[in-house]
C-alpha cells in the first residue's frame, strides 16, 4: 500500500472531494478547473439520491453532488470503466438537475442556474481524443455559445502525460497529483500552492482512523481486482492469439495465419471479459470486436 490514497478508488475519491471537512479541496480544484469562467465561493453537499450511484455489472460510478452559493450545481464523477450509454447517462442527470429547478405556478420565469458535469475518466473513449474536452451548447457553424447553463467537462486521464517539472498551471498540478498520488513519497508542488500540501495531508493513509483504513483497503482491493482482470484478459488475448497465428502462418506459409490468430485471440479475450460480467460496450471497446460478434459468444 502506498503512502497516499489512490483517488481512483471509491473511498479515496470521496475522502478527497466528498467530505464536508475537506470541502476546501473541492472548492480549490473547481476554481482552478474553471479559472476565468466561474469562481466558487462556497459549496454545500446535496442528497445524492438525485444522482444515485450506479452499478451495472462491475461498473461503479462515484458521484459527488454539490451546489455553489450562487445557485450553480456540480456533478463530479470518477469513472474507471466505460458504461453502456455513458454520454446519454451524463446528459440525463444534468437535465434532471435542470428540470428540478422548475417551480409550480405562473410566477416562475424559467430562469435556471448553471449545471456542470465534471467527469474524471481513467480510460480512453473514441469520442475523446485529448485530455480535456469542454462541451457547451453552441452553434455548429460558428461555435458561438447559445446557452451556458449546461456544461460538461471530460478529463481523460490517460492523455495527461506531463511530468512534474512541466506542470505550469495550478490545474495541471492538480491532475498530476491525482494521477500519481498513490506512488508519491513527497509533495512536488509544496512551494507553488499551500492547498497541495493540505491535499497530501488529507490523502496520507497514516492519518486515517482504523475504520477509514479498513474501508479504504477493501476499496483498494476491489479496484486492483478490476485492473488485474482487464490486464489478464489482454495478456491472454495477446499470447494465445499471436502464438496460434504464428504457428498457423508458419505451417501454411501464409500471412493470413497471423490475422486469423489475432482474431481468435480477440474472441478469447472477449469471452473472458464477458464471463467476468463486463458490459458488451466495454468488451467491444477493449477487444475491438463488434457488439454483434460479442453477443454471439
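The table below lists the values:
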item: Spin-label model distance (nm) - residue 159 vs residue 264, 7 Å beyond Cα toward Cβ; result: 3.8
item: Extended-chain gain in nm, criterion 0.36 nm per residue less alpha-carbon gap, residue 190 and residue 137; result: 15.3 nm
item: Computed E for residue 45/residue 106 - FRET, C-beta separation, R0 25 angstrom, nearest 0.05; result: 0.15
item: Residue 70 versus residue 113: modelled label distance in nm, points set 7 Å from Cα along the beta carbon direction; result: 1.2
item: Ranked packing of 21-30, 88-97, 104-113, most packed first, by mean Cβ within 10 Å; result: 21-30, 88-97, 104-113
item: Burial order of peptide ranges 221-233, 167-179, 135-147 (average beta-carbon count within 10 Å, highest first); result: 167-179, 221-233, 135-147
item: Cα gyration tensor, the stretch 81-184 - rounded (a/c under 1.5), prolate or oblate; result: prolate
item: FRET E, pair residue 197, residue 218, Förster distance 41 Å, beta-carbon r, rounded to 0.05; result: 0.90
item: Nearest-0.05 FRET efficiency for residue 24 and residue 206, computed from C-beta distance (R0 30 Å); result: 0.90
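Every number in this text was worked out from the coordinates using simple rules, so none of it is lab data. Note that the structure is predicted; figures quoted are calculated from it, not measured. Virtual Cβ from ideal backbone geometry, glycine too; neighbours counted across all protein chains shown.
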